Amino acid sequence: MARDTNPRLQKIKHLLQYTGLSVVILALWQALFHLGYIKPIILPPPSQVAVTFWDLLKSGAMTRHIGISVLRVLEGFGIAAILGLTLGIAIGLSRTLDRLTDLIIQVIKPIPPIAWIPLAILWFGIGEKSKVYIIFLGAFFPIIINTIDGIRQTDQKFVEVARILEVPRLRFVRQVVIPGALPAIMTGIRVGLMVAWMCVVAAELIAASSGVGYLIMDARQLSQSDVVIVGMITIGVIGKLMDSLIKRLEKRLISWKAAFAGD
Amino acid sequence: MCAHLSHQSNLVIEGLHKSFPTRDSEVVALKEINLTIGEGEFVAIVGASGCGKSTLLRIVAGLENGYDGAVSLGNRPIAGPGLDRGMVFQEHRLLPWLTVEENVAFGLNGRANGERERIVREHLALVGLSDFAKAHPHQLSGGMAQRVAIARSLVNQPGLLLLDEPFGALDALTRIQMQQEILRIWEAERTTMVLVTHDIDEALYLGDRVVVMSSRPGTVKRIIHVSLPRPRDRSSYEFVQLRKEIYAEFFSEAEKPFAYAI
């Protein structure tokens with residue numbers, strides 16, 4: 001069977017496949033509203049959400065909310081990345097350090113960041129610090145756990161080669177361990193950034209007066225379901241953009257790895 | 001060869017015994033191995049899978065601990081890996097994130113930049129891959145990758161090169177090419193070589209001596225001196241006779257396969 005190999009047509013076909021499902025869902029959602037199956041107060045139609053989004057954008061409120069949320073996330077994520085990578089590499093390389101820290105990491109890890117809010121307020125007040133702390137907690141564990149795992153998965157075959165060639169420890173870590181762990185580390189970074197961004201709503205539960213999380217919580221009290229949905233979709237879209245950015249970085253860093261891309 | 005046997009950098013294996021513990025007993029991998037390999041000699045060890053030939057090589061490399069008997073190189077007992085021994089594995093084991101030249105330089109410690117570059121250049125030329133210095137391992141064919149691994153194993157100029165089924169994963173034609181290649185390198189560098197293989201032809205084509213090992217437990221069954229001049233003709237009468245002899249060590253009369261040549 002001859003396959004269509006026109007690259008332009010292929011591109012259009014792939015774009016349609018990529019966006020098709022979202023368009024169908026939006027159309028269905030809009031249609032259900034017009035047919036009168038759902039009340040706008042329960043679930044406003046996409047058209048109304050779009051208008052609300054446009055109004056918020058025009059007034060400059062949306063940009064301000066997004067800007068402040070992104071800044072908080074980058075701060076919390078940045079601290080988590082620095083601490084998670086250094087501690088992760090240190091623990092990954094040292095069995096003793098691993099035994100010393102494993103229990104505490106495993107017990108604190110399952111506590112959801114939202115449960116930390118009371119303590120965060122007591123420790124850091126209701127300003128920016130407590131919000132950044134909540135986001136930091138969300139990002140820290142995926143990064144440290146994946147980094148430790150990545151380092152532990154260092155290929156024994158390369159260890160043997162390094163032993164035979166008497167490669168010094170520091171160079172061994174730099175040329176064998178860390179590059180080998182990079183795919184896992186990048187996964188940790190990606191998941192960490194994602195969780196950090198998801199934590200923005202929880203963080204902005206703390207006496208915030210701006211941010212996308214605040215926008216949602218504020219609209220909730222005023223029963224503005226369209227604004228709630230605008231906030232939710234904004235979080236979703238920005239999260240997707242961040243992920244794409246990291247994926248691109250990952251591809252550049254791990255160009256030697258030919259990953260299975262699916263059929 | 002006898003003149004070499006008294007030399008200082010002989011590899012001497014005496015009464016070597018190695019077993020691996022299993023859940024409720026232990027498996028004897030090597031039993032009562034005695035072998036002396038002279039400087040500059042090319043010895044091929046041939047045996048079936050699981051006869052312990054790789055374990056023997058790994059002990060010489062210093063990668064295995066916990067054995068009985070004595071293994072010494074140049075009168076010094078082997079107590080771990082060292083730069084006096086190089087090793088090439090069945091898989092090339094090149095670091096995929098480093099270029100070919102970085103992989104070759106991987107084994108060079110504490111040299112000045114200029115010297116390092118010179119050594120890498122020379123060794124890439126030795127294996128005929130000067131044009132691929134900047135390539136990454138995934139861009140190379142299996143045979144090329146194995147050449148890079150050979151270059152990497154030689155940068156510290158080890159007196160002894162251990163080859164653990166280095167061509168086992170290559171196709172038949174590339175394998176023959178690589179056999180000629182390793183012979184050329186051996187003649188150029190005069191490194192002592194110990195090759196482990198399950199390919200009888202390969203052992204006969206390369207070795208000054210062919211050590212035939214039996215399986216479970218791994219013992220030295222027979223040592224055959226191959227005095228044919230190199231390059232050897234795989235279809236010559238003498239070569240075929242020797243091959244028959246080694247086959248006879250592995251198979252009973254009835255199932256002796258007919259002689260073939262590629």
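Coordinate-derived values only; no laboratory data. Values in this document were obtained by computation on a predicted structure and should not be read as measured data. Because the Cβ atoms are built from the backbone with ideal geometry, glycine has one as well, and the counts that use them run over all protein chains shown.
At-a-glance table
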read-out	value
Candidate lysines for bridging to B:LYS53, where Cα separation is under 16 Å - those fewer than 8 sequence places away on the same chain excluded	B:LYS18, B:LYS31, B:LYS221
Percent of Cα pairs exceeding the 32 Å cut-off, where the set is the stretch A:49-253	28
For the stretch A:180-235, fraction of C-alpha pairs farther apart than 20 Å, in %	36
Angle between chain A longest axis and helix A:95-108 axis [Cα atoms, degrees, rounded to 10]	20
Nitroxide proxy distance, nm - points 7 Å out along Cα→Cβ at A:LYS39 and B:ASP24	7.2
Integer Hz, Karplus 6.51/-1.76/1.60 couplings in order for the stretch B:182-194, x for Gly and Pro	5, 5, 4, 5, 4, 5, 6, 9, 6, 7, 5, 10, 10
Long-range amide H partners of B:LEU195 with built H, under 5 Å	B:VAL43, B:ALA44, B:ILE45, B:LEU163
Computed label-point distance, nm, for sites B:HIS17 and A:GLN106 using a 7 Å Cα→Cβ extension	4.1
Placed amide H near B:ARG222: partners under 5 Å, 5+ positions off or other chain	B:VAL212
Listed residues A:VAL24, A:VAL49, A:VAL230, most fluctuating in chain A (Gaussian network, C-alpha, under 10 Å)	A:VAL24
Estimated D of the protein assembly as shown in µm² per second, where Rh is the Kirkwood radius over Cα pairs and Stokes-Einstein applies at 20 °C, 1.002 mPa s	75
Where labels lie 7 Å past Cα in the beta-carbon direction, separation of A:ILE25 and B:TYR247 in nm	6.8
Radius, Kirkwood style, for the stretch B:5-127 when every pair of distinct Cα atoms is counted (Å)	16.9
Rounded to 10°, Cα long-axis angle of helix B:237-250 versus longest principal axis of chain B	70
Difference of contour (0.36 nm per residue) and Cα-Cα distance, B:ARG190 to B:ALA79	37.5 nm
Distance between the stretch A:8-34 and the stretch A:46-77 - C-alpha centres, whole angstrom	24
Lysines whose Cα lies under 28 Å from that of B:LYS134, excluding same-chain neighbours fewer than 8 positions away	A:LYS157, A:LYS247, A:LYS251, A:LYS257
Distance between the stretch B:135-186 and the stretch A:196-263 - C-alpha centres, whole angstrom	50
Orientation-averaged projected area, Cα convex hull of chain B (nm²)	15.6
Acute angle (nearest 10 degrees) that the helix A:178-198 long axis makes with the longest principal axis of chain A, alpha-carbon atoms	30
Length-normalised contact order for chain A - Cα pairs under 8 Å, 6+ apart - percent	23
Set of lysines near A:LYS131 by C-alpha distance (under 26 Å), chain-local residues within fewer than 8 positions excluded	A:LYS109, A:LYS240
